[in-house]
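The values are calculated or read from the model by the stated rules, or taken from the named source; none is laboratory data. All values reported here derive from a predicted model rather than from experimental measurement. We place every Cβ from the backbone using ideal geometry, glycine too, and count neighbours over all the protein chains shown.
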């Protein structure tokens with residue numbers, strides 16, 4: 001279990017005026033990457049930038065941001081500072097541009113822990129809603145993707161990690177997999193018969209597919225009541241999140257429990273009753 005990540009939501013829209021008239025965006029579309037790179041240089045940050053379609057990606061190398069202990073990678077003492085500096089600069093640019101930026105990705109690494117990366121992914125509309133007090137801090141945290149991975153000794157490039165634009169349905173599948181896992185862990189916390197592992201999510205051909213990693217702690221296996229609870233909790237979370245995003249560009253949702261081979265298929269129309 002990694003230590004909890006603490007990441008504030010900070011952003012301000014910057015308006016420039018000259019002779020009483022708007023002079024246009026501070027960072028025009030063609031200057032998004034260069035403008036962000038300049039801000040990082042001012043902060044003396046070792047960072048690179050990639051802007052592809054609607055996604056801004058940043059790779060930040062920051063000493064002390066990650067730690068390694070007994071073969072486990074965790075959050076280092078300088079992580080908060082690294083994330084704050086990177087995200088403040090990103091917000092400064094994406095809130096002051098005419099480019100259609102929808103997502104940003106921050107890939108943080110530490111020179112002392114080669115091959116380890118912490119990824120932060122956010123949907124810009126969520127950031128704007130949080131700034132307008134339409135989302136509270138716990139909800140904004142739940143809508144942020146945090147991913148700690150190890151890629152091996154070979155250095156990872158932004159072109160490899162973010163080869164193309166992020167799509168909303170992809171982001172929602174990643175977010176929902178983590179929220180389902182958290183909801184299942186909370187629901188089954190009092191149960192001694194089941195444990196929850198990492199859940200997976202994907203979107204393809206109009207279908208969301210979520211893998212529910214729930215396993216028994218005894219040889220008796222999972223009883224029917226527990227399985228119903230697992231599917232019900234997952235379905236409620238999916239319906240809640242998709243409704244909050246007003247996302248309906250899908251045909252069905254499939255819940256898969258690999259251990260038992262059980263599948264629950266929910267057409268979009270049936271999912272409506274859980275909202």
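Data for the structure
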read-out: The range 135-145: number of residues that are surrounded by fewer than 16 Cβ atoms within 10 Å (Cβ to Cβ) and assigned to a strand (DSSP E or B); value: 0
read-out: Residue tally, condition in a loop (DSSP other than H, G, I, E, B) and either within 18 Å of the chain's Cα centre (by Cα) or within 14 Å of residue 218 (Cα to Cα) (or both), over the range 183-196; value: 3
read-out: For residue 67: the one exception among (1) surrounded by fewer than 17 Cβ atoms within 10 Å (Cβ to Cβ); (2) modelled with pLDDT under 95; (3) not in a loop (DSSP other than H, G, I, E, B); value: (1)
read-out: Residue 4 vs. criteria at pLDDT below 50 and surrounded by fewer than 19 Cβ atoms within 10 Å (Cβ to Cβ); value: yes
read-out: Test result for residue 56, at pLDDT 95 or above, surrounded by 16 or more Cβ atoms within 10 Å (Cβ to Cβ), in contact with a strand residue (DSSP E or B) (Cβ under 8 Å, 6 or more places away or on another chain) and under 17 Å from residue 171 (Cα atoms); value: yes
read-out: Failed condition for residue 38, given (1) over 20 Å from the mean Cα position of the chain (by Cα); (2) surrounded by 13 or more Cβ atoms within 10 Å (Cβ to Cβ); (3) at pLDDT below 95; value: (3)
read-out: Test: residue 81 is under 20 Å from residue 49 (Cβ atoms), without any contact (Cβ under 8 Å) to a residue 40 or more places away in the chain and either part of a loop (DSSP other than H, G, I, E, B) or in contact with a strand residue (DSSP E or B) (Cβ under 7 Å, 6 or more places away or on another chain) (or both); value: no
read-out: Residue list for the range 202-215, restricted to those being surrounded by fewer than 17 Cβ atoms within 10 Å (Cβ to Cβ), assigned to a strand (DSSP E or B) and more than 21 Å from the chain's Cα centre (by Cα); value: 215
read-out: Residue 155 being closer than 21 Å to residue 59 by Cα and either touching a residue at least 40 places away in the same chain (Cβ under 8 Å) or assigned to a helix (DSSP H, G or I) (or both); value: yes
read-out: Out of 224, 159, sole residue that is more than 24 Å from residue 246 (Cα to Cα), modelled with pLDDT under 95, loosely packed, with under 15 Cβ neighbours inside 10 Å and touching a strand residue (DSSP E or B) at 6+ places or on another chain (Cβ under 8 Å); value: 159
read-out: Scan of the range 251-275 for residues that are more than 27 Å from residue 216 (Cβ to Cβ) and crowded, with 18+ Cβ neighbours inside 10 Å, ordered by number; value: 271
read-out: Residue satisfying all of: in the range 229-255; free of Cβ contacts under 8 Å to residues at least 24 places away in the same chain and in a helix (DSSP H, G or I); farthest from residue 169 (Cα to Cα) among these; value: 232
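Here's the yes/no breakdown for (1) touching a residue at least 60 places away in the same chain (Cβ under 8 Å); (2) surrounded by fewer than 22 Cβ atoms within 10 Å (Cβ to Cβ); (3) closer than 24 Å to residue 169 by Cα:
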{"site": "96", "(1), (2), (3)": "yes, yes, no"}
{"site": "101", "(1), (2), (3)": "yes, yes, yes"}
{"site": "104", "(1), (2), (3)": "no, no, yes"}
{"site": "112", "(1), (2), (3)": "no, yes, no"}
{"site": "115", "(1), (2), (3)": "no, yes, no"}
{"site": "120", "(1), (2), (3)": "yes, yes, yes"}
{"site": "124", "(1), (2), (3)": "no, yes, yes"}
{"site": "129", "(1), (2), (3)": "no, yes, yes"}
